[in-house]
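These notes are about the structure you will find just below.
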Amino acid sequence: MVINTVLSMMAYDYPPDKLGVYLSDDGGSDLIFYALLEAAHFSKEWLPFCRKFKVEPRSPEAYFRTAATNPPSHDSFMTKEWLMIKKLYEDMKIRIETTTKFGSVSNNLRQQHKGFCEWDLVSSRRDHQTILQILIDGRDPEALDVQGQALPTLVYLAREKRPQYHHNFKAGALNALIRVSSKISDGPVILNVDCDMYSNNSESIRDALCFFLDQEKGHEIAYVQYPQNFDNITQNEIYGNSLRVLMEVEHPGFDGNGGPCYIGTGCFHRRETLCGKKYSKEFKAEWRSENNRNSEESSSALEESCKSLATCAFEQNTEWGKEMGLKYGCAVEDIITGLSIQCRGWKSVYFIPERKAFLGVAPTTLMQNLIQHKRWSEGQFQIFLSKYCPLVYGHKRIPLKLQLSYVPYNLWAPNSLAMLYYVVVPSLCLLKGKALFPQISSPWVLPFPCVVLANRAYSLWEFLSCGGTLQGWWNEQRIWMFKRTTSYLFGFLSTVLELLGLSKATFTVTEKVVDEDVSQRYEQEVMEFGTKSPMFNIIATLAMLNLLSCIGAIKRVIVDNKTLDLLALQMLLSGLLVCLNLPVYKGLFFRKDSGSMPPSVTLFSIIFALLASSIAMY
Ligand SMILES: O=c1ccn([C@@H]2O[C@H](COP(=O)(O)OP(=O)(O)O[C@H]3O[C@H](CO)[C@@H](O)[C@H](O)[C@H]3O)[C@@H](O)[C@H]2O)c(=O)[nH]1
Ligand SMILES: [Mn+2]
């Protein structure tokens with residue numbers, strides 16, 4: 001996967017001598033290093049091939065998967081070449097996969113590159129020295145592809161890790177990269193992407209530069225953000241993970257209010273602004289025509305001199321992580337970094353090209369989705385409670401409408417409380433026969449359905465106009481309920497606990513690899529439970545509770561049909577929740593596969609729901 005990310009970045013339609021590609025390996029794995037070596041080798045064939053066949057997308061895996069199985073040309077010479085590259089790619093893939101399966105790089109391979117020696121000193125992935133290897137040195141006149149054209153610089157970096165130093169997760173990794181790259185290629189514009197994405201559009205660099213180089217407004221712009229898109233979205237997106245409305249409606253809205261937030265990936269930054277530079281009217285970026293790279297120093301000398309930039313101790317007593325680079329101490333380092341850039345006076349741009357610029361991997365199980373949203377809501381709420389609260393920090397620095405654009409996301413976590421109220425209290429009252437809404441025969445009942453219907457109809461229209469399906473929208477309503485009652489709740493609790501000093505921040509990396517049958521169920525849009533988790537306990541208990549109260553209410557109405565008038569709205573709400581929860585009941589009682597609810601969760605939910613409802617009844 002990572003190798004395809006790297007190859008697609010190297011193959012941008014842009015002069016290769018002005019391009020540097022850096023891979024940060026926080027796992028510090030020699031397998032990744034080996035794969036990168038293979039990629040460096042393969043790029044010599046792949047880059048000319050991309051130019052010649054106008055390949056799109058330029059991730060070989062995605063290209064050979066999506067492009068026709070047949071070569072795009074009738075010319076037999078071209079056909080031969082196409083098939084040869086495909087074969088080369090597949091052979092490389094097999095070599096990498098075999099080595100990965102084996103779990104370590106064989107001695108034979110180790111001898112092929114001096115870089116492997118570094119791993120003799122590595123004791124564990126949490127405790128090792130800086131490993132920095134320049135695999136392709138753009139200054140090297142002999143670093144050419146098979147057509148004799150220059151290759152982009154390619155660098156492997158695993159920053160130093162020591163147990164006694166906090167590594168600050170992704171923000172720490174990016175800051176190390178910023179420093180190291182400033183000594184090696186020092187490009188004035190930095191694009192950062194996640195390891196699970198690839199470039200889907202070879203023009204993106206040129207597009208982004210159009211904004212930066214604009215005669216009138218270009219000098220105000222700090223970053224150009226592209227939407228986050230995924231290539232593994234199923235038709236009805238059972239986990240609502242396409243982020244459709246967010247990317248196509250909400251972010252353009254952000255843009256209109258003064259500039260999008262930075263979302264951590266698929267974003268081009270000006271190097272200086274990322275390093276803390278303030279905006280001033282006089283600022284005119286100097287685009288160096290000649291790069292002033294030190295051409296005397298050999299690449300191994302350069303490696304040695306840059307290593308110290310990626311050590312744990314380097315950042316001590318510096319502004320890195322505070323006023324320079326990505327900010328530390330927040331689970332969504334990107335949002336807070338973007339906000340502070342905007343507060344320094346810069347503008348940002350959101351750009352949706354016709355052909356999607358980047359494609360990544362969306363989480364494919366319920367658990368992964370819930371965990372990802374826990375991290376997001378937690379980080380967002382942290383921001384709200386910190387000195388970076390947009391309303392405080394942004395006061396007089398950015399327009400009020402931009403401050404307000406940040407706030408709904410900041411408040412995801414506390415929103416869980418309202419949702420919990422609506423899924424618990426009305427159903428409990430329903431069991432007891434206590435009415436919370438006006439009678440259905442009273443005119444005062446009207447505002448409730450009107451507001452709800454108007455609001456949801458608007459959401460449905462928004463969703464459909466972004467290319468979603470009706471079923472997809474329904475699925476999103478469900479996942480929205482799940483997230484609010486679990487992820488956001490946990491995000492809320494852990495932020496509060498952290499504030500009280502009772503727990504510490506973590507960054508849970510979203511898992512990317514899943515079992516064969518798990519991914520099969522994802523393709524078939526069957527909801528994946530399968531593991532024990534407090535989050536599932538909550539989901540299942542709430543589903544059971546609503547089922548019980550629905551049954552209870554129906555019984556009550558049969559016995560005494562006057563109560564219908566009184567309880568109709570509550571019954572409707574509860575009935576709706578039961579409908580939304582259908583996949584949960586399936587998982588609890590009807591499915592036998594490994595993705596169904598674990599029996600312990602079923603037991604827990606039954607006991608708890610019964611307990612809660614009997615307490616409510618008496
Ligand atoms: O200690 C760490 C943890 C993560 N990462 C990298 O961070 C990236 C994002 O991690 P991932 O697990 O894929 O998280 P997602 O939930 O997919 O991340 C989304 O949300 C993050 C903010 O929470 C953004 O930074 C990401 O760009 C955005 O894709 C990956 O490339 C990781 O390799 C590190 O380098 N070091
Ligand atoms: Mn990701």
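The values are calculated or read from the model by the stated rules, or taken from the named source; none is laboratory data. For clarity, every value in this text was computed on a predicted model and none was experimentally measured. Glycine gets a Cβ as well: all are built from the backbone with ideal geometry, and neighbour counts include every protein chain shown. Heavy atoms of the whole protein, side chains included, go into the accessibility calculation; ligands, DNA and RNA do not. Shrake-Rupley method; radii C 1.70, N 1.55, O 1.52, S 1.80 Å.
Scan region 236-261 for residues that are open to solvent by less than 40 Å² (accessible area, probe 1.4 Å) and either within 16 Å of ILE341 (Cα to Cα) or assigned by TED's automatic domain parsing to the domain that holds VAL21 (or both) and the total you get is 5. Comparison of GLY218, GLY264 shows that the only residue that is buried (at least 21 other Cβ atoms within 10 Å of the Cβ) and touching a helix residue (DSSP H, G or I) at 6+ places or on another chain (Cβ under 7 Å) is GLY264.
Only one residue in ASN410, ASN455 is open to solvent by 30 Å² or more (accessible area, probe 1.4 Å) and at pLDDT 95 or above. Which one? Break it down stepwise before answering.
Values: ASN410 fails: open to solvent by 30 Å² or more (accessible area, probe 1.4 Å).
Matching residue, one of ASN410, ASN455: ASN455.
Contact map, region 415-440: residues that are at positive phi paired with residues that are among the hydroxyl-bearing types (Ser, Thr, Tyr) and assigned to a helix (DSSP H, G or I), Cβ distance under 7 Å, separation 6+ or inter-chain. Pairs shown: GLY433/THR563. Condition check for THR234 on (1) under 23 Å from MET367 (Cβ atoms); (2) touching a strand residue (DSSP E or B) at 6+ places or on another chain (Cβ under 9 Å): one failure, at (2).
Restricting ASP13, ASP17 to residues that are outside any helix (DSSP H, G or I) and either of a type in the set (Asp, Glu) or not assigned by TED's automatic domain parsing to the domain that holds ILE184 (or both) narrows the list to ASP13. Give the residue that is nearest to ASP194 (Cα to Cα), with candidates limited to residues of region 341-396 that are in contact with a Lys or Arg (Cβ under 7 Å, 6 or more places away or on another chain) and not basic (Lys, Arg). Only one residue tops the list, namely VAL361. Helices (runs of 4 or more DSSP H) fully within region 348-430 that include at least 1 residues being within 12 Å of ligand 1 (Cβ to nearest atom): 366-385, 400-410.
When VAL2 is tested against (1) modelled with pLDDT under 95; (2) away from ligand 1 (no atom under 16 Å from the Cβ); (3) touching an Asp or Glu at 6+ places or on another chain (Cβ under 9 Å), just one condition goes unmet, and that condition is (2). Among residues of region 188-216 that are assigned by TED's automatic domain parsing to the domain that holds LEU326 and closer than 16 Å to LYS284 by Cβ, those with a Cβ under 8 angstrom from a residue that is surrounded by 20 or more Cβ atoms within 10 Å (Cβ to Cβ) and of a type in the set (Gly, Ala, Ser), sequence gap 6+ or separate chain, pair up as VAL189/ALA208. For region 121-129, the count of residues that are open to solvent by less than 50 Å² (accessible area, probe 1.4 Å), within 30 Å of ALA313 (Cα to Cα) and in the same structural domain as CYS267 (by TED's automatic domain parsing) is zero.
Here GLU333 qualifies as open to solvent by less than 50 Å² (accessible area, probe 1.4 Å), within 15 Å of ligand 1 (Cβ to nearest atom) and assigned by TED's automatic domain parsing to the domain that holds LEU209.
Candidates PHE42, PHE33: the one that is in contact with a helix residue (DSSP H, G or I) (Cβ under 7 Å, 6 or more places away or on another chain), in contact (Cβ under 8 Å) with a residue 40 or more places away in the chain and within 30 Å of ASP127 (Cβ to Cβ) is PHE33. Checking each residue in region 135-176 for being of a type in the set (Ser, Thr, Tyr) and open to solvent by 10 Å² or more (accessible area, probe 1.4 Å) picks out only TYR165.
Being among the aliphatic types (A, V, I, L, M), under 18 Å from ILE131 (Cβ atoms) and either within 16 Å of ligand 2 (Cβ to nearest atom) or out of contact with any helix residue (DSSP H, G or I) (no Cβ under 6 Å at 6 or more places or on another chain) (or both) is the filter here, so list the residues in region 161-195 that pass it.
ALA173, LEU174, LEU177, ILE178, ILE184 - these are the residues of region 161-195 that are among the aliphatic types (A, V, I, L, M), under 18 Å from ILE131 (Cβ atoms) and either within 16 Å of ligand 2 (Cβ to nearest atom) or out of contact with any helix residue (DSSP H, G or I) (no Cβ under 6 Å at 6 or more places or on another chain) (or both).
Does ILE134 count as away from ligand 2 (no atom under 16 Å from the Cβ) and assigned to a helix (DSSP H, G or I)? Steps first, please.
On the way: away from ligand 2 (no atom under 16 Å from the Cβ): yes; assigned to a helix (DSSP H, G or I): no.
For ILE134, the condition - away from ligand 2 (no atom under 16 Å from the Cβ) and assigned to a helix (DSSP H, G or I) - is not met.
Which of the numbered conditions does ILE233 fail, given that it passes all the others? Conditions: (1) closer than 21 Å to ASP26 by Cβ; (2) within 16 Å of ligand 2 (Cβ to nearest atom); (3) open to solvent by 30 Å² or more (accessible area, probe 1.4 Å). Status for ILE233: all satisfied but (1). Among the residues making up region 189-215, those that are open to solvent by 10 Å² or more (accessible area, probe 1.4 Å) and within 16 Å of ligand 1 (Cβ to nearest atom) are ILE190, LEU191, ASN192, VAL193, ASP194, CYS195, ASP196, TYR198, ASN200.
VAL578 meets each of the listed conditions (1) touching a residue at least 60 places away in the same chain (Cβ under 8 Å); (2) closer than 26 Å to GLY472 by Cβ; (3) of a type outside the set (S, T, N, Q) apart from (1).
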